[in-house]
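Here's the structure, in C-alpha cells; my notes come after.
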Amino acid sequence: MSRGVRLGIRCACSPSARSEFVADSPASLPRELSCSACGATRPLAADRLTPRGGLLGCLACGHSELYTRKSFPAAAGIAIVVVAAVLAPFTYYVSLLAAALLDLALYLAVPEVVVCYVCASEHRGFAREPRHPRFDREIDERLRYGPKAVMGRPMRAGGTAGAPDPEH
C-alpha cells in the first residue's frame, strides 16, 4: 500500500487529546500507541488487521464495531449551504444549484474514513476489504446504553466487517 495509513486515537485523559500515527503500511504501525497529552500507552490491536491490510476491528481498542463516513468536516458543508442560501435571491437561485454541484463533487472526491463506535479512533488509508457499513444508530445506542436500549435485530457476532449498510 503506497499511500500510507493513518490512525487517529483519542485518549480518556481529555476530550481534546488526539494522537495521530502515520505509517507507510499497516505492518509498519507502532506496536504501542501513546497519548500525546498524558503519555499513557496501550498496545496496538494488530490482530484486528487482515493479511491484506484491511480492518476486522479497531486498532486502538480492538472492538469489532466500526462504521464508514466521508472525511469532510460537517461545518464546512453547512457553511456552503448557508452561503448559497444567502446569495440565492441575488443570483436568481443559481447559487443553490452551484452548491449542490459543489456538494456532489466533494462527495465524490473526499476519501472515506473508518471510525470505531467505542473509542472514536479514525482509520485512514487501510484496505477497503472487508468493508464496514455507514453509521448505524442502533449499534451506537446498544454500545452506549446496553443491549436493551433498542429493540430490533441483535448485534452481529463478527462485528461490522463485511456487513451491509443499515436499512434506515
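The values are calculated or read from the model by the stated rules, or taken from the named source; none is laboratory data. The structure displayed is predicted, hence computed values, not measured ones. All Cβ positions, even for glycine, are placed from backbone atoms using ideal geometry, and neighbour counts span all protein chains on display.
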A careful count of residues in segment 20-42 that are under 20 Å from S71 (Cβ atoms), without any contact (Cβ under 8 Å) to a residue 40 or more places away in the chain and not aliphatic (A, V, I, L, M) gives 4
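Looking at R52, R69, which is the one that is surrounded by fewer than 17 Cβ atoms within 10 Å (Cβ to Cβ), assigned to a strand (DSSP E or B) and not aromatic (F, W, Y)?
Details: R52 fails: assigned to a strand (DSSP E or B).
Selected residue: R69, the only one of R52, R69 that is surrounded by fewer than 17 Cβ atoms within 10 Å (Cβ to Cβ), assigned to a strand (DSSP E or B) and not aromatic (F, W, Y).
Looking for whichever is in contact with a Gly (Cβ under 7 Å, 6 or more places away or on another chain) and not hydrophobic (A, V, I, L, M, F, W, C) here; the options are P26, P43, P89, P15. Which one fits?
P26 is the lone residue from the list that is in contact with a Gly (Cβ under 7 Å, 6 or more places away or on another chain) and not hydrophobic (A, V, I, L, M, F, W, C).
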Per the list (1) touching a residue at least 24 places away in the same chain (Cβ under 8 Å); (2) out of contact with any helix residue (DSSP H, G or I) (no Cβ under 8 Å at 6 or more places or on another chain), residue check on E65 breaks on (2)
Scanning segment 103-146 residue by residue, those aliphatic (A, V, I, L, M) and part of a loop (DSSP other than H, G, I, E, B) turn out to be V110, V118, A120, A127
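Kindly indicate whether A88 is more than 23 Å from G8 (Cα to Cα) and without any contact (Cβ under 8 Å) to a residue 24 or more places away in the chain.
On the way: more than 23 Å from G8 (Cα to Cα): yes; without any contact (Cβ under 8 Å) to a residue 24 or more places away in the chain: yes.
The answer is yes for A88.
Yes/no per residue for (1) of a type outside the set (A, V, I, L, M); (2) surrounded by fewer than 12 Cβ atoms within 10 Å (Cβ to Cβ); (3) in a loop (DSSP other than H, G, I, E, B); (4) assigned by TED's automatic domain parsing to the domain that holds A127:
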residue	(1), (2), (3), (4)
I9	no, no, no, yes
A12	no, yes, yes, yes
S16	yes, yes, yes, yes
E20	yes, yes, no, yes
A27	no, no, no, yes
P30	yes, no, yes, yes
L33	no, no, no, yes
G39	yes, yes, yes, yes
R42	yes, no, no, yes
Expected single match for free of Cβ contacts under 8 Å to residues at least 12 places away in the same chain, within 21 Å of the chain's Cα centre (by Cα) and under 18 Å from E122 (Cβ atoms) among A76, A60, A17, A45 is A76
